[in-house]
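Participant: Before anything else, here's the structure in question.
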Amino acid sequence: MKIAVILLLFYGVLFADVLKVKDKFPYDSFSDQFENKLLITPQTKKIIISFSKKNGKAVKAFLQTHKGYLEKKQAVYLADVSSVPSLAMLLFMKPALQKNNFSVGLIEDEEIANILPKVEGKTTVIRLEKMYIKSIKFIDKL
């Protein structure tokens, strides 16, 4: 019986659709650039996600000039690094990300990246209310 339940859960994750409004956000934490847990809690109001280097640079520039933005807005910032080779991540990306004065949750699993809503060339902003998605926007600038 336990095996059947596990297989059903695995099947649901493996063939999950892209998240949409009214869905519950399925993840409660991501590892950040320092290997700490970046929590997503019922108090989290906004999730900002970059899926490209260009968008990551734009979000970084915004967050550096708007110090404390993530805390004030009860927001978290996630970056999709699922396609970055492990060696490049270890030698280049993590050290560069560690220079930031804010936490960056790392989306390292391609299956997770695939169910997060995205539009090519845009930054995704998900608004949450008690872990449920209230809105999804795809923007050029924060």
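The values are calculated or read from the model by the stated rules, or taken from the named source; none is laboratory data. What you see is a predicted model, and the numbers here were worked out from it, not measured in a lab. Cβ: placed from backbone, ideal geometry, glycine included. Neighbour counts: every protein chain shown. The area values use the complete protein model at the heavy-atom level, side chains included, leaving out ligands, DNA and RNA. Shrake-Rupley method; radii C 1.70, N 1.55, O 1.52, S 1.80 Å.
Participant: Among (1) closer than 15 Å to residue 26 by Cα; (2) open to solvent by less than 30 Å² (accessible area, probe 1.4 Å), which single condition is residue 109 missing?
Facilitator: With respect to (1) closer than 15 Å to residue 26 by Cα; (2) open to solvent by less than 30 Å² (accessible area, probe 1.4 Å), residue 109 is out only on (2).
Participant: Could we say that residue 128 is in contact with a Ser or Thr (Cβ under 6 Å, 6 or more places away or on another chain), closer than 16 Å to residue 32 by Cβ, touching a residue at least 60 places away in the same chain (Cβ under 8 Å) and open to solvent by less than 30 Å² (accessible area, probe 1.4 Å) here?
Facilitator: Working: in contact with a Ser or Thr (Cβ under 6 Å, 6 or more places away or on another chain): yes; closer than 16 Å to residue 32 by Cβ: no; touching a residue at least 60 places away in the same chain (Cβ under 8 Å): yes; open to solvent by less than 30 Å² (accessible area, probe 1.4 Å): yes.
Here the answer is no, as residue 128 does not meet what is asked.
Participant: Would you mind telling me which numbered condition in (1) in contact with a strand residue (DSSP E or B) (Cβ under 7 Å, 6 or more places away or on another chain); (2) in contact (Cβ under 8 Å) with a residue 24 or more places away in the chain; (3) aliphatic (A, V, I, L, M) residue 119 fails?
Facilitator: Condition (2) is where residue 119 drops out.
Participant: Report yes if some residue within segment 84-107 is in contact with a strand residue (DSSP E or B) (Cβ under 8 Å, 6 or more places away or on another chain), touching a residue at least 12 places away in the same chain (Cβ under 8 Å) and farther than 21 Å from residue 35 by Cβ; otherwise report no. Don't jump to the end; show me each part of the working.
Facilitator: Taking segment 84-107 first, the residues in contact with a strand residue (DSSP E or B) (Cβ under 8 Å, 6 or more places away or on another chain) are 97, 102-107.
Cutting the leftovers down to touching a residue at least 12 places away in the same chain (Cβ under 8 Å) gives us 97, 102-107.
Pick out the ones that are also farther than 21 Å from residue 35 by Cβ and you get none.
For segment 84-107, residues in contact with a strand residue (DSSP E or B) (Cβ under 8 Å, 6 or more places away or on another chain), touching a residue at least 12 places away in the same chain (Cβ under 8 Å) and farther than 21 Å from residue 35 by Cβ: absent.
Participant: Right, residue 18: over 14 Å from residue 125 (Cβ atoms), open to solvent by less than 90 Å² (accessible area, probe 1.4 Å), modelled with pLDDT under 95 and not in a helix (DSSP H, G or I) or not? Spell out the reasoning first.
Facilitator: Values: over 14 Å from residue 125 (Cβ atoms): yes; open to solvent by less than 90 Å² (accessible area, probe 1.4 Å): yes; modelled with pLDDT under 95: no; not in a helix (DSSP H, G or I): yes.
Criteria not met by residue 18.
Participant: Any residue in segment 74-83 that is of a type in the set (A, V, I, L, M) and on the phi > 0 side of the Ramachandran plot? Before the answer, list the steps.
Facilitator: If we filter segment 74-83 for residues that are of a type in the set (A, V, I, L, M), which is where we start, we get 75-76, 78-79, 81.
The next check asks that each one be on the phi > 0 side of the Ramachandran plot; those that pass are none.
No, that holds for no residue.
Participant: Could you tell me which residue of segment 48-81 is nearest to residue 112 (Cα to Cα), considering only residues that are open to solvent by less than 30 Å² (accessible area, probe 1.4 Å) and of a type in the set (Ser, Thr, Tyr)?
Facilitator: 50
Participant: Consider residue 37 carefully, then state whether it is closer than 23 Å to residue 140 by Cβ and open to solvent by 20 Å² or more (accessible area, probe 1.4 Å).
Facilitator: Details: closer than 23 Å to residue 140 by Cβ: no; open to solvent by 20 Å² or more (accessible area, probe 1.4 Å): yes.
No; evaluated as a whole, the condition is false for this residue.
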